[in-house]
Amino acid sequence: MSRASHRTALLFATLGAIGFSFKAIFVKLAYRYGVDAETLLALRMGLSLPFFIVMGLVADARAAQRMDGRDWLWMVALGFSGYYLSSYLDFLGLRYITAALERLILFLYPTLVILLSALFLAKPIGRRTLAALALCYCGIGLAVGHDLHIAGEARDVALGGALVFASSLSYALYLMGNGQVVGRLGSMRVTAFATSVASVLCIAQFFVLRPVSALDLPWQVYALGVAMALMSTVAPVWLVSEAIRRLGAGPVSLMGTLGPVVTILLGWLLLDEALGISQLAGASLVIAGVLVMARR
């Protein structure tokens, strides 16, 4: 790979991580206008759906192997776990906790993949990995303590943290299933079609739970929905996929450690979230733990 191509791939990975980091910020800003999680999620995924359909069709046309009925069942299962359920739980959790804590808890998904693999696939956990897990969860403890100090409502922090942790668990299950098919079908095709399935589920959920009149929203919510769909959903998915194609998953996952730091800074700048020593220390421990696991 040429030096210019390598720099481009690193830029893609960096921009993708930053794009994903904005999602919680957009959600918290939209909540200030009284929109609920179901409507906001449907808006985000509905606006993203046309782009993912096109991305999936292009990837499918370039693929040598056609998808069969079993592959489409995989897309439904992955779309439900990885992008519908995970996103819905995440949006619900953001009602109760800061964007910074949400991002740190979501960032635990590599630890959950390891724990689930040990539980269901009998994969051993070495001492180095155990130390990394301890770092991550000590870091989360510090970050939760920070939120309890500034929020003062232990029940809200516990509920929001539990919802986002469940979101991270759902995404970890998606990653485990993703590994069963992505090598055969290709990363972009799996991501695009699974996300398309999730988008349809989010839209259907809205029409089941909310009247059409719920779409009578301030223009600011629609502006944030468009920004969320383009900047924090479609663009980073494409950027990260391209970066993985050029660099491989390992280096790109390391660039993803920028995410919690960016969200913490954005929460401080745009949401007036308090920035404390315990929160920064917790973020450092979580990132360090994930980096250790990434290098195992």
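The values are calculated or read from the model by the stated rules, or taken from the named source; none is laboratory data. These figures come from a predicted structure and were not determined experimentally. Methodologically, a virtual Cβ is constructed for each residue, glycine included, from the backbone with ideal geometry; neighbour enumeration extends over all protein chains shown. Please note that ligands, DNA and RNA were not included when accessible areas were found on the heavy atoms of the full protein model with its side chains. Shrake-Rupley method; radii C 1.70, N 1.55, O 1.52, S 1.80 Å.
Mind checking which of Ser167, Ser21, Ser278 has the largest fluctuation in a GNM of the chain, springs on alpha carbons under 10 Å?
Highest fluctuation among the options: Ser278.
Considering only protein heavy atoms, what is the solvent-accessible area of Val200 at a probe of 1.4 Å, reported in Å² to the nearest 10?
The value for Val200 is about 80 Å².
Please give, to one decimal in nm, the separation of the simple spin-label points placed at Val76 and Ile53, each 7 Å out from Cα toward the Cβ.
Modelled inter-label distance: 1.9 nm.
Starting from the 7 Å offset along Cα-to-Cβ, what nm value, one decimal, do you get for the label separation of Asp156 and Leu11?
Taking the two extended label points, one gets 4.2 nm.
Hey, what's the stretch 88-178 come to in accessible area per residue, 1.4 Å probe, Å²? Before the final figure, lay out each step's value.
Working: 4090 Å² over 91 residues.
Accessible area per residue, the stretch 88-178: 45 Å².
Taking all protein chains as present, what is the carbon and sulfur share of the accessible area of the stretch 1-106, in % to the nearest whole number, probe 1.4 Å? Provide the component values of the computation, followed by the final result.
Working: 3020 of 4600 Å².
Solvent-exposed carbon and sulfur of the stretch 1-106 make up 66 percent of the total.
Please list 3J(HN,Hα) in residue order for the stretch 36-49, calculated via the Karplus relation 6.51 cos²θ - 1.76 cosθ + 1.60 where θ = phi - 60°; whole Hz, with x for glycine and proline.
So the Karplus estimates, Gly and Pro as x, are 9, 4, 5, 5, 5, 5, 5, 5, 4, 6, x, 6, 7, 3 Hz.
Which whole-number percent gives the relative contact order of the stretch 71-201, counting Cα pairs below 8 Å spaced six or more residues apart? If you can, show how the numbers build up before the last one.
On the way: 127 pairs, mean separation 71.1, N = 131.
Taking the mean separation of contacting Cα pairs over the length of the stretch 71-201, I get 54 percent.
Keeping all protein chains in position, work out how much accessible area Tyr171 exposes to a 1.4 Å probe, and write it in Å² to the nearest 10.
Its accessible surface works out to 60 Å², give or take rounding.
Taking the simple approach of a point 7 Å from Cα along Cα-to-Cβ for both Ser117 and Val200, what is their distance in nm?
3.2 nm
Show me the trypsin sites (Lys or Arg not before Pro) within the stretch 114-165 that DSSP assigns to loop and that have at most 14 other Cβ atoms within 10 Å of their Cβ. Before the final figure, lay out the partial values.
Numbers: sites: Arg127, Arg128, Arg155; in loops: none.
Nothing satisfies the criteria.
Using +1 at the Cβ of each Lys and Arg and -1 at the Cβ of each Asp and Glu in the stretch 106-224, identify which of Leu130, Ile140, Ala192 lies farthest towards the dipole's positive end.
It is Leu130, whose Cα lies furthest towards the positive end.
With θ taken as phi - 60° and the coefficients 6.51, -1.76 and 1.60, list the Karplus ³J(HN,Hα) couplings across the stretch 12-26 in order, rounded to whole Hz; mark glycine and proline as x.
Along the stretch 12-26, the couplings run 4, 4, 5, 5, x, 4, 5, x, 4, 5, 6, 4, 4, 5, 4 Hz.
When the dipole is taken about the Cα centre of the chain, and only Lys, Arg (+1) and Asp, Glu (-1) are charged at their Cβ, what size is it in debye, to the nearest 20? Intermediate results must be reported in sequence, preceding the final value.
Working: 22 positive and 14 negative charges, 231 e Å.
The dipole of the chain has a size of about 1120 debye.
Over the chain, calculate the relative contact order: mean separation of alpha carbon pairs under 8 Å at least 6 apart, over the residue count, as a percent.
Working: 400 pairs, mean separation 131.1, N = 296.
Contact order relative to length: 44 percent.
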